[in-house]
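Here's the structure we're looking at; comments come further down.
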Amino acid sequence: MRRCSASRPARWSSTFNYKKYHWLTFGPHFRDLHLLFEEHGTRSSRSVDELAERALMIDGKPLADPSQYLPASLVPASQGERAVKQMVDEAIAAHDTVIKAMHDDADIATKARRHRHRRSLHAPGSKSTRSSGVPEEIARKEL
Ligand SMILES: [Fe+2]
């Protein structure tokens, strides 16, 4: 079974990376970038918390030990000194990684829902199905 990235701390490194960028940005756009990185870091942290708590609600167990979640993060931890453009580029790359993971998770969830739906159709007492196994009302909508 494939696991959703929601069960992985995809964004913890992003959160810490944003804090790094927030603290260490400089130059003529300091104020705007300083505030932007803080905003993204705060949102990232809230999102990680929400995903971890959702995982707990469905009997999952988020990685909670920092020694485990940082190495497992989908987004690599920023290392070393960075020029402002490098910080921005890293932040954009992290966004792309997280967005791709969210699309992959949506695909996994959609397939799981379809699989669960098909299984329920074949359960005793289920609604009638066509020979393809697709219920009439769904088959009509797919036309
Ligand atoms: Fe701050």
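The values are calculated or read from the model by the stated rules, or taken from the named source; none is laboratory data. Keep in mind the model is a prediction, meaning the values are calculated, not measured. We place every Cβ from the backbone using ideal geometry, glycine too, and count neighbours over all the protein chains shown.
General remarks:
- One residue stands out in the range 39-61 among those that are aliphatic (A, V, I, L, M) and loosely packed, with under 14 Cβ neighbours inside 10 Å: the one that is nearest to the ligand (Cβ to nearest atom), namely Leu56.
- His103 falls short on exactly one of the conditions (1) in contact (Cβ under 8 Å) with a residue 24 or more places away in the chain; (2) more than 14 Å from Thr15 (Cα to Cα), and that condition is (1).
- Test: residue in the range 31-41 that is closer than 22 Å to Met102 by Cβ, free of Cβ contacts under 8 Å to residues at least 24 places away in the same chain and part of a helix (DSSP H, G or I): yes
- Lone unmet requirement of (1) closer than 16 Å to Trp12 by Cβ; (2) of a type outside the set (Val, Ile, Thr); (3) free of Cβ contacts under 8 Å to residues at least 40 places away in the same chain; (4) in a helix (DSSP H, G or I) for Gln86: (1)
- One residue from Ala77, Ala94, Ala64 being aliphatic (A, V, I, L, M), assigned to a helix (DSSP H, G or I) and more than 16 Å from the ligand (Cβ to nearest atom): Ala94
- For the range 7-17, the criterion of a residue being out of contact with any helix residue (DSSP H, G or I) (no Cβ under 7 Å at 6 or more places or on another chain) and surrounded by 12 or more Cβ atoms within 10 Å (Cβ to Cβ) is satisfied by at least one position.
- Test: Tyr69 is modelled with pLDDT of 90 or more, crowded, with 17+ Cβ neighbours inside 10 Å, touching a Leu at 6+ places or on another chain (Cβ under 9 Å) and not in a loop (DSSP other than H, G, I, E, B): no
- Candidate set from the range 86-126 (those that are among the hydroxyl-bearing types (Ser, Thr, Tyr) and farther than 20 Å from Val75 by Cα); member that is farthest from the chain's Cα centre (by Cα): Ser126
- Pairing residues of the range 12-27 that are farther than 12 Å from Ser78 by Cα with residues that are within 11 Å of the ligand (Cβ to nearest atom) and of a type outside the set (A, V, I, L, M), at Cβ distances under 7 Å and at least 6 apart in sequence or on separate chains, gives His22/His34; His22/Phe37; His22/Glu38; His22/Gly41; Thr25/His34; Thr25/Phe37.
- Just one of (1) surrounded by fewer than 16 Cβ atoms within 10 Å (Cβ to Cβ); (2) within 14 Å of the ligand (Cβ to nearest atom) fails for Leu36. It is (1).
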